[in-house]
Amino acid sequence: MTSEHMHRKDEHLALAEAHYRHARPQSSLNGMRIIHRPLPESRLDQVDLTFKTPDFTWPYPFYIEAMTGGSPRTGKLNTQLAQVAKETQLAMAVGSQSIALKDASTRQYFTNVRKENPDGFIIANLGAGHGPKAAQMAIDMLAADALEIHVNVAQELVMAEGDRQFMWLQNIQAILAAVSVPVIVKEVGFGMDQDSIQTLTDLGVHYINLGGRSGTNFAEIEARRNRDHPFPLDYMFDWGQTTAESLIEAKAVKPDAKRHIIATGGIQTPLDILKAQVMGAQAVGVAGHFLHTLMQDGPASLTAEIQSWQADLAKLYTLVGANTQADLPTVPYILNAQLLSYAQQRRRSN
Ligand SMILES: Cc1cc2nc3c(=O)[nH]c(=O)nc-3n(C[C@H](O)[C@H](O)[C@H](O)COP(=O)(O)O)c2cc1C
């Protein structure tokens, strides 16, 4: 039997992949260029890509972002993604587990991830409308190593059946106080602004995924799904800050040693990962592009692609003279006119 919720999961998958095929996203990081320096004094064999935090260490600074689970079709993709994550030592987030909290028969489409990858770094996922009890259940379901709480107000409002109340801060605070693992708060693709980043920092959120526009577009996906709406919702397709703009926003926030910035949205190449890191992200999430490789060419191709990205990213660190990510903030870069104007207009006056 297919529930409405399961059907939504399958539709997200089909529409995300159809959009990707129709028009591969153009990374907003194309608006930023790293300055080439021909004397880097670097050696590939000294590069260490590790993403290290007080809570955990990943051997690579990018991961498979939340996408699937909850229906037989998406459950199968979760199995394949978990196998790929295991082979490539990447961390992996599952898609929202809210369906599995409501319908126990769908849990298998998430727990398969832990079965396939018993020692891997697995990230649970739930919307910010949930409280601490649900959050801990989502974590326990996967023996998860971290929890992502997604915030997606624009997506919900474009969705015919979406939420209409967004009183989230108390939930986030209660979840932070209650759960047993590090918490990442993430946007699903509309980006963040400096005040929201500061608000999350003040709440004690140490991991913030900016989730910017320029990749998978949930305004467009939900608009296509929303057949009840009397008028086209295409005026919403450009809502939000791109990933590059969100990174500019994050730079404008008062520094905080405990805060870790993660960038997701439109990442298409290892160079996009490097650029996001040079602009201040410590880790980078990839969803739509990996999904496309998996659906078009299968899990062996995705494993090969990720392994190639891992090797290429080390070469890119060498190219810019970085041994570790601690060296990246001093790498010089320029912004195109549009991003420069954005940065000037959004510079804090205080
Ligand atoms: C099919 C699909 C389903 C998704 N479902 C979720 C979800 O359940 N929870 C979530 O936090 N993000 C979800 N996302 C958002 C991604 O994690 C990511 O933030 C977004 O797609 C932007 O990254 P991208 O441009 O690399 O795709 C989904 C993405 C895709 C493509």
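Every read-out reported here was derived from the displayed coordinates using simple, explicitly stated rules and does not represent laboratory data. Values in this document were obtained by computation on a predicted structure and should not be read as measured data. Counting neighbours? That spans all protein chains shown, and the Cβs are built from the backbone with ideal geometry, glycine included.
Some notes on this structure:
- When only alpha carbons are used to place a centre, region 116-189 and region 279-350 end up 25 Å from one another.
- One decimal place: the segment Ile35-Arg73 gains 9.3 nm when fully extended, by the rule 0.36 nm per residue minus the C-alpha distance.
- Considering only Gly298, Leu339, Asn323, the residue lying farthest towards the positive end of the dipole of region 275-350 is Leu339, judged by Cα position with unit charges set on Cβ.
- Taken along the Cα-to-beta-carbon direction at a fixed 7 Å, the label points for Ser3 and Gln108 span 1.5 nm.
- Were the residues from Gln307 through His229 laid out at 0.36 nm apart, the gain over their Cα-Cα distance would be 23.7 nm.
- When the alpha carbon coordinates of region 123-220 are projected onto the principal axes, the ranges are 35, 29, 24 Å, largest first.
- Arg21-Tyr333 FRET efficiency (beta carbon distance; Förster radius 30 Å; 0.05 resolution): 0.45
- Exposed loop sites were defined as GluC sites (Glu not before Pro) in DSSP loop states (anything but H, G, I, E or B) carrying at most 12 other C-beta atoms within 10 Å; in the chain the longest segment without such a site runs 162-350.
- Kirkwood hydrodynamic radius (C-alpha pairs) into Stokes-Einstein, the chain, 20 °C and 1.002 mPa s, D in µm²/s: 105 µm²/s
- Expressed as a fraction of 2.2 N^0.38 Å, the C-alpha radius of gyration for region 224-336 is 1.31.
- Based on DSSP H segments of at least four residues, each scored -39500 (n - 2.57), the chain has a per-residue ellipticity at 222 nm of -13500 deg cm²/dmol.
- Put simply, region 82-174 fits an ellipsoid with semi-axes of 25, 14, 13 Å; these come from the alpha carbon gyration tensor as the roots of five times its eigenvalues, largest first.
- Mean Kyte hydropathy of 0.0 or more with a Cα span along the axis of at least 18 Å, helices from DSSP in the chain: 299-319
- Principal axis analysis of the Cα atoms in region 59-110 yields extents of 35, 16, 12 Å, listed in decreasing size.
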